[in-house]
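Notes follow once the structure below has been shown.
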Amino acid sequence: MTRPFLEVQGLGKTYPSPQGPPLTVFRDVNLHIQKGEFVCIIGHSGCGKSTILNVLAGLDTATTGAVIMDGQEVAGPSLDRGVVFQNYSLLPWLSALKNVTFAVKARWPRWSRDKVAEHSYKYLEMVGLTGGAEHRKPHQLSGGMRQRVSIARAFAIQPKLLLLDEPFGALDALTRGVIQEELLRVWSGTNQTVFMITHDVDEAILLADRILLMTNGPEARVAEAVSIDIPRPRQRTSIIHDPNYYAIRNHLVEFLATRSKELAGTANPDGDDATPQVVQFPTQGFPRPVTPAAATKAPIGAPTSSAKG
Ligand SMILES: Nc1ncnc2c1ncn2[C@@H]1O[C@H](COP(=O)(O)OP(=O)(O)O)[C@@H](O)[C@H]1O
Ligand SMILES: [Mg+2]
């Protein structure tokens, strides 16, 4: 078997506390992510999503476990991994275009000035930021425009892994919808692997190949990996007509509303080294998730027997 592009093995984060026992935020996180896959992770605030993302980025270290990308252990930040945070981490004194060229120059120091500008401009164009807006500084741009710059910059350096931490969390619903579809368009033209945190289940269904569900902290873990087999290209207006859309959505909402709490602090039933339970739709006997063994037996397109739950 070939190695997955990204392997997360036994990741855990524990903080010592001055009084009392140490605090374990999450533990036993085991994941395999394939090249070109779009993975979203959902879980309540404080369960450790950002910490996991920062460990993948090499910006934070885990207490236990390791992250291996392309066969090499992640140890520190690298231009192979691009990160987009919620609060548009742009350099305020540079124009939108210069924010992108700055990163492109760092990535390809030998490129000519023209080549850097052309490449940067192409990515700003992909996110619809041209016609003068590219020369404005961050404070002269709306939140949505600033986030477009961040996305253009992250894609422009063509990282092997793109890490997005609630990138649209601060945007209004309308702008968010537009940028989600832009992100999908840019991503589908590349073979970039994306790991994205979101708290928006509709956003996750629209974007992801797989959605990871985390239990509440402390001692959080990734309990399930829900496979999203809705055909691509996807659009917000059309995916709701997919026969599995509402079953998937209900499963995610139900996990967040009740099971994330019920499962808090419990161990993976398949053992500490096991990857999260795989859930696929249509399931037999919804809402109970199918086990990996059962999932392979259930042919895609098989009728859902009791979708009422
Ligand atoms: N220095 C620290 N000491 C103790 N706990 C910490 C420290 N830094 C972060 N935490 C805890 O780690 C948890 C995970 O944080 P974070 O990864 O930001 O979660 P999320 O992104 O899921 O909201 C939080 O509950 C926070 O209280
Ligand atoms: Mg966070």
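The values are calculated or read from the model by the stated rules, or taken from the named source; none is laboratory data. It should be emphasised that the depicted structure is a prediction, and the values quoted were computed from it without experimental measurement. With ideal geometry, Cβ positions are generated from the backbone for all residues, glycine too; neighbour counts draw on all protein chains shown.
Below, the figures for the structure above:
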item: One residue from Gly65, Gly58, Gly48, Gly76 being within 15 Å of the chain's Cα centre (by Cα) and of a type in the set (Gly, Ala, Ser); result: Gly48
item: Failed criterion for Leu56 (all others in (1) surrounded by fewer than 22 Cβ atoms within 10 Å (Cβ to Cβ); (2) touching a Leu at 6+ places or on another chain (Cβ under 9 Å); (3) not in a loop (DSSP other than H, G, I, E, B) hold); result: (1)
item: The range 71-91 residues that are in contact (Cβ under 8 Å) with a residue 60 or more places away in the chain and aliphatic (A, V, I, L, M), paired with ones that are more than 16 Å from ligand 1 (Cβ to nearest atom) and in a loop (DSSP other than H, G, I, E, B) (beta carbon under 6 Å, 6 or more apart); result: Leu79/Ile157
item: Residues of the range 6-44 satisfying the condition of being free of Cβ contacts under 8 Å to residues at least 60 places away in the same chain and part of a loop (DSSP other than H, G, I, E, B); result: Pro16, Ser17, Pro18, Gln19, Gly20, Pro21, Pro22
item: Failed item, numbered, when Asp200 is tested on (1) out of contact with any Lys or Arg (no Cβ under 7 Å at 6 or more places or on another chain); (2) more than 15 Å from ligand 1 (Cβ to nearest atom); result: (2)
item: Some residue of the range 211-219 being under 30 Å from Asp272 (Cβ atoms), among the charged types (D, E, K, R) and either outside any strand (DSSP E or B) or in contact with a Phe, Trp or Tyr (Cβ under 6 Å, 6 or more places away or on another chain) (or both); result: yes
item: Residues being surrounded by 14 or more Cβ atoms within 10 Å (Cβ to Cβ) and either under 13 Å from the mean Cα position of the chain (by Cα) or not in a helix (DSSP H, G or I) (or both) - total across the range 166-189; result: 10
item: One residue from Leu212, Leu263, Leu256, Leu252 being at pLDDT 95 or above, more than 21 Å from the chain's Cα centre (by Cα) and buried (at least 16 other Cβ atoms within 10 Å of the Cβ); result: Leu263
